[in-house]
Amino acid sequence: MKKVLFIDRDGTLVIEPPIDFQLDSLEKLEYYPCVFQNLALIAKELDYVLVMVTNQDGLGTASFPEDTFWPAQNKIIQAFRKEGIEFSEILIDRSFSHENLLTRKPGTAMLTHYLKGDYDIKNSYVIGDRFTDVQLAKNLGCKSIYLSKEKCEEAVLSTTDWADIYKLLKSEPRNIKVERITFETKIEVELNLDGSGKSEISTGLGFFDHMLEQIAKHGNIDIYVNVKGDLHIDEHHTIEDVAITLGDAFSKALGNKKGIERYGFLLPMDECLAQVAIDFGGRPWLVWDAKFSREKIGEMPTEMFMHFFKSFSDHAKCNLNIKAEGENEHHKIEAIFKAFAKAIKLAVSKTNNYSIPSTKGTL
């Protein structure tokens, strides 16, 4: 899911003229200090969609004709584009009435399509210099950054320095919450790829819980899983749907996969050796080379091990190659889950190369 930065133009990207607050001539055009260098870093390194939002159109008010405000607005856009900063959309409220709360900030009418689309609004931000921008964030259900000398308790950050905004956004963890509800199961998964290995797992299957805890602990990922499943029938739906939901969570938390290692690579456990290779390259595939002689380990059917990883691969859009050998069946599957966790840890780790790790330019 895509996170968005809704950025107020006047007072945030450009300085609002102090006397009449109207940017109605090129002589009044002045850019906010350090906005180019820090917003360029955000655009290059982080996974945010940039949207410009303003209650003024072009270099003036809504009374300006089309052929006047668009060339002026384009001058601002071109300046940012030259620094590698592309706005996916420019949203301008051309309403004459400041009482039109549907379109004018903090009204959300201009942004309705972002609430309906595939966007992670909860982890998105409004960046603005007025309290109406903070209110807009609250109305959208996202977070706010208040670019002002004043302090605002409702904002995540109050600052006058774009460098502080860059630092805050760069430190944001890659987390996501995914729910899946069917007639067979109700599943909630919360995932933090930049966690510390904490987990809270409740699937109704003790051994399965233990295996999912291995992913969190050895992958250094925070995982919360809560399941209400039809275990009175059997274990199949619960295990399969957890894999689907967990895979979806990984796919969404990774976003466009900019700046990740992408690949992960073996883990011995007593007499067992497990080898797991993973590629978050967007193409699901599973190679499975592990045989089990027992029907169950704990309450978990051994036939479901392969099915778990196949369902995860399909929904995380990753390639998985898994091989294990050994005598003790418990050790063998636990080694697989631990190796899987270590492979994930490496694959989702961040690099200093902020491009998408593919010659295609997309994954």
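The values are calculated or read from the model by the stated rules, or taken from the named source; none is laboratory data. Given the structure is predicted, the values throughout are model-derived calculations rather than measurements. Don't worry about glycine lacking a Cβ; one is built from the backbone with ideal geometry, like all the others, and counts go over all protein chains shown.
Things to note:
- Across the stretch 258-280, the qualifying residues are those that are part of a loop (DSSP other than H, G, I, E, B) and of a type in the set (Phe, Trp, Tyr), and the one among them that is farthest from Lys291 (Cα to Cα) is Phe280.
- Residue, surrounded by the fewest Cβ atoms within 10 Å (Cβ to Cβ), within the stretch 8-40, restricted to residues that are aliphatic (A, V, I, L, M) and at pLDDT 95 or above: Ala40
- In summary, strands (runs of 3 or more DSSP E) completely within the stretch 141-198 and bearing 1 or more residues that are of a type in the set (Lys, Arg) and either touching a strand residue (DSSP E or B) at 6+ places or on another chain (Cβ under 8 Å) or over 17 Å from Asp120 (Cβ atoms) (or both) occur at 143-147, 175-181, 185-192.
- The test for being out of contact with any Lys or Arg (no Cβ under 6 Å at 6 or more places or on another chain), at pLDDT 95 or above and among the aliphatic types (A, V, I, L, M) holds for Ile223.
- Members of the stretch 113-140 that are of a type in the set (A, V, I, L, M) and either touching a strand residue (DSSP E or B) at 6+ places or on another chain (Cβ under 6 Å) or under 16 Å from Thr12 (Cα atoms) (or both): Val126, Ile127, Val134, Leu136, Ala137
- In the stretch 281-302, residue surrounded by the most Cβ atoms within 10 Å (Cβ to Cβ) [restricted to those that are touching a strand residue (DSSP E or B) at 6+ places or on another chain (Cβ under 9 Å), aliphatic (A, V, I, L, M) and not in a loop (DSSP other than H, G, I, E, B)]: Leu286
- Note on the stretch 320-363: residues that are surrounded by 17 or more Cβ atoms within 10 Å (Cβ to Cβ) and at positive phi amount to 1.
- Qualifying residue in the stretch 264-276 (condition: among the small types (Gly, Ala, Ser) and out of contact with any helix residue (DSSP H, G or I) (no Cβ under 7 Å at 6 or more places or on another chain)): no
- Scanning the stretch 213-234 for residues that are over 30 Å from Ser355 (Cβ atoms) and either of a type in the set (S, T, N, Q) or crowded, with 22+ Cβ neighbours inside 10 Å (or both) yields Gln214, Val225, Asn226, Val227, Gly229.
- Counted residues, the stretch 71-106 - those being modelled with pLDDT under 80 and farther than 15 Å from Leu29 by Cα: 14
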